[in-house]
Amino acid sequence: MISAIVAMSLFALVGAISPGPVNIIATSIGAQHGFKQALPHITGATLAYTLIVWLVGLGVQVYLVSWPFVLEGMGYLGGLFLLYLAYQIAVATPVDTTAHHEPASIPTMMTGAMAQLLNPKAWLVSISGVSLFISGQADKALLLGYFVVISLLMCSVGISSWALLGQGLQKLLADPMRQRYFNWLMSALLVLSVLTIWSSTYTLA
């Protein structure tokens, strides 16, 4: 069981810490507003991913395989939502990264949750993990419980790492022009993520 938990942890951490839309947004929030203000986004995205793992473990992947148009639709809808967020980042007004900012101007827990729920990558990674560690095992319920908790912890660690990376860049981004360049870079990376999602969606279709 210990070896299974270690394997689950490594799998979940690699999936959570690899570059992706949710992590790019976390980096942008951390850079402009600090780690503390990124916590709602981190929390929303983490809870959403944990829900995905749980649903897939209960057998939702059967319907996703039978109805590929569901993942396809999520890919397009999620891509449009992320493009909207990319636009918001690109046109964001430079802020004083050393000052306090009202939470109203910062992506919320719901934003993080939506970005995760509409991300086909999150569903596909979950399906891979459940197929690898849960399916075909005698103690499915116990293993699923472990995997859900591990996914919760590792997802939180992964997204938090990117938010902390963003916070570490705050001094560098004190100059408004540098901050604009950084926002444009984050926006471009988010658009690239969308194109990757849509490319995967075409492959699924």
Review point. Within the stretch 127-160, how many residues are among the polar types (S, T, N, Q), in contact with a helix residue (DSSP H, G or I) (Cβ under 6 Å, 6 or more places away or on another chain) and surrounded by 13 or more Cβ atoms within 10 Å (Cβ to Cβ)?
Key: 3
Point to revise | So residue 165, is it at pLDDT below 85, hydrophobic (A, V, I, L, M, F, W, C), surrounded by 15 or more Cβ atoms within 10 Å (Cβ to Cβ) and within 30 Å of residue 92 (Cα to Cα) | key: no
Practice item. Take the stretch 110-150 and flag every residue that is farther than 14 Å from residue 55 by Cβ and β-branched (Val, Ile, Thr). Key: 111, 149, 150
Review point. Residues in the stretch 129-139 that are in contact (Cβ under 8 Å) with a residue 60 or more places away in the chain and either not aliphatic (A, V, I, L, M) or not in a helix (DSSP H, G or I) (or both): how many?
Key: 4
Check your understanding: Conditions: (1) in contact with a Gly (Cβ under 6 Å, 6 or more places away or on another chain); (2) under 30 Å from residue 1 (Cα atoms). Residue 152 meets all but one. Number of the miss?
Key -> (1)
Review point. Would a scan of the stretch 100-110 turn up a residue that is modelled with pLDDT of 85 or more, in a helix (DSSP H, G or I) and not polar (S, T, N, Q)?
Key: yes
Exercise for review: Filter the stretch 141-182 down to the residues that are of a type in the set (D, E, K, R) and in contact (Cβ under 8 Å) with a residue 60 or more places away in the chain, then identify the one that is nearest to residue 87 (Cα to Cα).
Suggested key: 180
Point to revise | Failed condition for residue 151, given (1) at pLDDT below 85; (2) of a type outside the set (D, E, K, R); (3) assigned to a helix (DSSP H, G or I) | key: (1)
Exercise for review: Report, by residue number, each residue of the stretch 112-146 that is more than 24 Å from residue 192 (Cα to Cα) and aliphatic (A, V, I, L, M).
Suggested key: 130, 132, 134, 138, 141, 142, 143, 144
Practice item. Please work out which one of (1) surrounded by 12 or more Cβ atoms within 10 Å (Cβ to Cβ); (2) at pLDDT below 75; (3) assigned to a helix (DSSP H, G or I) is the condition residue 94 fails and give its number. Key: (3)
Point to revise | Top-ranked residue in the stretch 32-57 [being closer than 16 Å to residue 164 by Cβ and at pLDDT below 90; ranked as surrounded by the fewest Cβ atoms within 10 Å (Cβ to Cβ)] | key: 34
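The values are calculated or read from the model by the stated rules, or taken from the named source; none is laboratory data. Since the structure is predicted, the reported quantities are computational estimates derived from the model, not experimental observations. Ideal geometry is used to build each Cβ from the backbone, glycine not excepted, and the neighbour counts take in all protein chains shown.
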